[in-house]
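Worksheet: one structure, shown below.
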Amino acid sequence: MTDPNARSFAPVVHLRRGGTSVAVSLTDARLPRILHWGADLGDLTAADLDAVRRAAEPTIGDSAVTYPQPVPVVPQLAEAWLGRPGIAGSRGGRAWAPLFTVAGTRLEEGDAAVLTVESTDTASELALTVEIRLEASGLLRTRAALRNDGAPYRLDTLELALPVPDRAAELLDFTGRWANEKVPQRHPFPLGAWVRESRGGKPGLDAPTLLVAGEPGFGFRGGDTWGVHLGWSGNQTVAAERTPAGTRVLRGGALLLPGELVLATGETYTAPWLYGARGTGLDALAAQFHRHLRARPEHPKTPRPVLVNTWEAVYFDHDPDRLLHFADRAAALGAERFVVDDGWFTGRRDDTTSLGDWTVDPERWPDGLEPLAERVRALGMDFGLWFEPEMVNRDSDLARAHPEWLFDGGHGPGLPSRHQHVLDLGHDGAYRHVYEQVSTLIDRLGIAYVKWDHNRYLTDAGHTPDGTPGVHRQTERAYRMMRELRAAHPGLEIESCASGGGRVDLGVLEYTDRVWPSDCNDPHERIDVQRWTGLLLPPELHGDHIGAETAHTTRRTAPLEFRAATVLWGHLGVEEDLTRCDDDTFTALQAWVAAHKELRPLLHTGDAVHADTEPEVRLEGVVSPDRSDALFQFALLDRPAAWPPPRLRFPGLDPDRRYRVTELAVTAAVPEGQRPPWMGTDLVLPGRVLAESGLEAPSLDVDRSVLLRLTDAE
């Protein structure tokens, strides 16, 4: 079908949006090759673009195999690409090195610039469609769809690649573990491949999240950077690859298990989106993701409701009277949503039993959850409930009735994790059973919010009775269930939780409204979990909770001022036991909730910024879109060798605007002996001075922070 916005174009296409240029070569009927992905190149004529193409051609010498760049978005072995092939598969041992010829192209110009390229390989009986989108935010994303026109074709790999220039000589990605997610790791961009794989049915607690290449020493505010993210919630691969010929690419795709995806005649597989962001400094790279996400039609439009979650307060110790009182206290606190976590369903006294039996426990809740849900709504709050729809305990009515619905790779259901196994939603009966139980409760209880958890890796996910891999289908079925629940219950919000931050990606965020970055509420750890999660997501999309004074995961103790100031920025929640905290603590919590609500319009629309500081300190904040208002947190996380701390230099401000700088002391100001003299004055300075010269830092104790508000002084 012809698009009315489509137009003719030169063999080299120039896409421009959001300060980014992407120059794409379509010459010689080859798959699209990106010649430039970086800063805006300005208006270029067709002759200019052809010169860009010619300038990128290498000296071939006597071997085109040795010098294969520039590389197609889907690299091909048959085109002499000796790295990881973009397509791997075969049809009975044949068609394993396809070579595609472009059959048609289309360019659509709207909010986004969209280049679509159709290609075929008649010898291999395959057709490939590549889509390259440059969004209004400057974010680049690409995907490919492979159609099989012959006998069944086993697809093993379909990955896309984005080039980075030779000055991108250092890599950054992330690793981690439970309650310690988003740990950064950096090293030089090596010859060969740096490959990160997730094989547990979700990105995982050690997920790379973003794979960034940049100029050596790049930081938040300086050094050109390029980063990719795969929008997929199942098994996946992302890689940085550098050839001896000098080519450097960042790439990614779903990781397919042996025989997991066999395309029937006429069947098409569409790869997940590979997202690419760039900018000078990590803040600029993150801003492209944030602007794109905020522009989505499905992005939350209402203020993010402050919630109270019962998990760290009561765990499995559910008592109706106590939770009714808990709801009363939550409303008095100023909460707008009350979430009952794990422990509400039949037989659930600990984590060894009952997953899959999504009916309200009649012993603990003889009158059902209706009285609590009604009380919550009468108090002016939404009601939320925890589920783990993809999981099952062997000690459950469901597992006893349908043992064949548990994944089994041929050796039984495998090793338990948190005493649980995975329910194979690839069985239509299992899918319907879970969907109907969850949907019925949402309808009956008026549930506005589902906390969707995922606590076990899919290490042995064989579909019974034949044991074929089922991970890819499981991810698609989870997406489908989320989509169908939202369609059946308009306004329903879903949180993606997976033992904390194990499923934080732009694939699941097409169906959810929030992610849970970590089970760790210790502010000393949380401040960096949030910092690095924020490379991908704006603050309003990640839940950040005020936990207990002594953190349940690290046993570290922190005062309320530090705990609250650290989580103020995101979708705020509280996990303190409100039924047992003293009056002073409760009053202080009320003040923090009120402050968050007042600041929410700034925090959830502004630009996230981070100063490049010494390792012991953090200075980061949010600046309003018009740069008239800003909030920063300065925190000390360790004792530096030199004292006092370096001056505070505030990034992201309008250099020509004058700002009044004040301490935002919600409950307790910085102690007098730690306050520099300027904190006792009416300090007004231009943004340029605050960024370049800065302010003397308060002499804080370790694991303490101060909030500073910068407002237009005119």
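The values are calculated or read from the model by the stated rules, or taken from the named source; none is laboratory data. Quick caveat: nothing in here was measured; it's all calculated off a predicted structure. Cβ atoms come from the backbone with ideal geometry, glycine included; neighbour counts cover every protein chain shown. Calculation scope for accessible area: heavy atoms of the full protein, side chains included, ligands and nucleic acids excluded. Shrake-Rupley method; radii C 1.70, N 1.55, O 1.52, S 1.80 Å.
Based on alpha carbons, the Rg and Dmax found for the range 302-437 are 16.7, 54 Å. Rounded to whole numbers, the Karplus 3J(HN,Hα) couplings from phi for the range 42-59 are x, 6, 10, 7, 4, 5, 4, 5, 5, 5, 4, 4, 5, 5, 8, 6, x, 6 Hz, using 6.51 cos²θ - 1.76 cosθ + 1.60 with θ = phi - 60°, and x at Gly and Pro. Between the residues Ala286, Pro640, Leu707, the greatest Cα displacement towards the positive end of the dipole of the chain, with unit charges on the Cβ of Lys, Arg, Asp and Glu, is found for Ala286.
Only Cα pairs under 8 Å and 6+ residues apart enter the sum, and on that basis the relative contact order of the range 603-714 stands at 33 percent.
Just report the Cα centroid separation between the range 87-146 and the range 477-554, whole Å. Centre-to-centre distance over Cα atoms comes out at 32 Å.
In square nanometres and to one decimal, what's the mean projected area of the convex hull around the Cα atoms of the range 265-381?
Working: hull surface 53.7 nm².
Computing the convex hull of the Cα atoms and averaging its projections yields 13.4 nm².
Ordering Gly368, Tyr275, Phe174 by Cα displacement along the dipole of the chain toward the positive end leaves Tyr275 in first place; charges were set at the Cβ atoms of Lys, Arg (+1) and Asp, Glu (-1).
Let me check I've understood the local charge: for Glu131, count other residues with C-beta under 11 angstrom from its C-beta, Lys and Arg +1, Asp and Glu -1. What total comes out? The partial results should precede the final answer.
Numbers: positive: Arg106, Arg133, Arg141, Arg143; negative: Glu108, Glu118.
Charge balance in the 11 Å sphere: +2.
Across the range 564-572, rounded Karplus estimates of 3J(HN,Hα) from the backbone phi angles (6.51 cos²θ - 1.76 cosθ + 1.60, θ = phi - 60°) give 6, 4, 6, 9, 4, 7, x, 7, 6 Hz, Gly and Pro being marked x. Under conditions of 4 °C and 1.567 mPa s, the range 210-273 yields 90 µm² s⁻¹ as its translational diffusion coefficient, taking Rh as the Kirkwood radius over Cα pairs in the Stokes-Einstein equation. What you get for the range 127-277, charging only the Cβ of Lys and Arg (+1) and of Asp and Glu (-1), is a dipole of about 220 debye around the Cα centre.
With a Förster radius of 56 Å applied to the C-beta separation of Ala39 and Thr265, the computed FRET efficiency comes to 0.80. Amide H to amide H distances under 5 Å link Gly501 with Ala179, Ser518, Asp519, where only residues 5 or more positions off or on other chains count and H is placed in the peptide plane.
For Leu261, the residues 5 or more places off, or on other chains, whose built amide H falls under 5 Å of its own are Leu155.
Counting Lys and Arg as +1 and Asp and Glu as -1, what is the net charge of the other residues whose Cβ lies under 15 Å from the Cβ of Arg30? Mind dumping the intermediate values first?
On the way: positive: Arg33, Arg53; negative: Asp28, Glu57, Glu79, Glu118, Asp121.
Summing Lys/Arg as +1 and Asp/Glu as -1 gives -3.
Just need the relative contact order of the chain here, percent rounded to a whole number, with Cα pairs under 8 Å and 6+ apart. Computed value for the chain: 9 percent relative contact order. The Rg/Rh ratio for the range 405-552, using Cα coordinates for both the radius of gyration and the Kirkwood hydrodynamic radius, is 1.00.
Just add up the charged neighbours of Ala213: K/R +1, D/E -1, any other residue whose Cβ is under 14 Å from the Cβ of Ala213. Result for the neighbourhood of Ala213: +1. Farthest toward the positive end of the dipole of the range 438-594, out of Gly543, Thr585, Gly467, is the Cα of Gly467, where the dipole comes from beta carbon charges about the Cα centre. Across every direction, the projection of the convex hull enclosing the Cα atoms of the chain has a mean area of 32.9 nm².
For the chain, the solvent-accessible area with a 1.4 angstrom probe is 37 square angstrom per residue.
Roughly how many percent of the accessible protein surface of the chain is carbon and sulfur, given a 1.4 Å probe and a whole-percent answer? The partial results should precede the final answer.
Working: 13130 of 26440 Å².
Solvent-exposed carbon and sulfur of the chain make up 50 percent of the total.
Shape analysis of the range 556-714 places it in the oblate category; the axes a ≥ b ≥ c from the Cα gyration tensor give an a/c of at least 1.5, with a/b not above b/c.
Amide H contacts of His552 (H built 1.01 Å from N, in plane; Pro and chain starts excluded): Asn521 sit under 5 Å, all sequence-distant by 5 or more or on other chains.
For the range 578-637, what does the relative contact order come out to in percent, with C-alpha contacts under 8 Å and a separation of six or more? Provide the component values of the computation, followed by the final result.
Numbers: 64 pairs, mean separation 14.3, N = 60.
Reported relative contact order: 24 percent.
When the alpha-carbon atoms of the range 35-162 are used, the pair Rg, Dmax equals 16.3, 49 angstrom. I need the Debye-formula profile for the range 161-259: one equal scatterer per C-alpha, no solvent, reported as log10 I(q)/I(0) at q = 0.13, 0.19, 0.24 1/Å, two decimals. Ignoring solvent entirely, the Cα scatterers give -0.45, -0.90, -1.26. Give the distance, in whole Å, between the Cα centre of the range 443-474 and the Cα centre of the range 253-328. Each part reduced to its Cα centre gives a spacing of 16 Å.
Taking the Cα centre as origin and putting +1 on Lys and Arg beta-carbons and -1 on Asp and Glu beta-carbons, what dipole magnitude results for the range 588-644, to the nearest 20 debye? Before the final figure, lay out the partial values.
On the way: 5 positive and 9 negative charges, 48 e Å.
Dipole of the range 588-644, to the nearest 20 debye: 240 debye.
In whole Å, what three semi-axes, largest first, describe the equivalent ellipsoid of the range 241-304 built from its Cα gyration tensor (square root of 5 times each eigenvalue)?
Semi-axes (√(5λ), whole Å): 31, 25, 9.
The convex hull of the Cα atoms of the range 522-622, projected and averaged over all directions, covers 6.6 nm².
Couplings for the range 453-459, taken from phi via the Karplus curve 6.51 cos²θ - 1.76 cosθ + 1.60 with θ = phi - 60°, read 9, 7, 9, 10, 6, 8, 8 Hz in order; Gly and Pro are left as x.
Return the subset of Lys301/Lys451; Lys182/Lys451; Lys202/Lys301 for which the Cα-Cα distance in this structure is over 26 Å, preserving the input order. Working shown, then result.
On the way: Lys301/Lys451 19 Å; Lys182/Lys451 21 Å; Lys202/Lys301 28 Å.
Pairs exceeding 26 Å: Lys202/Lys301.
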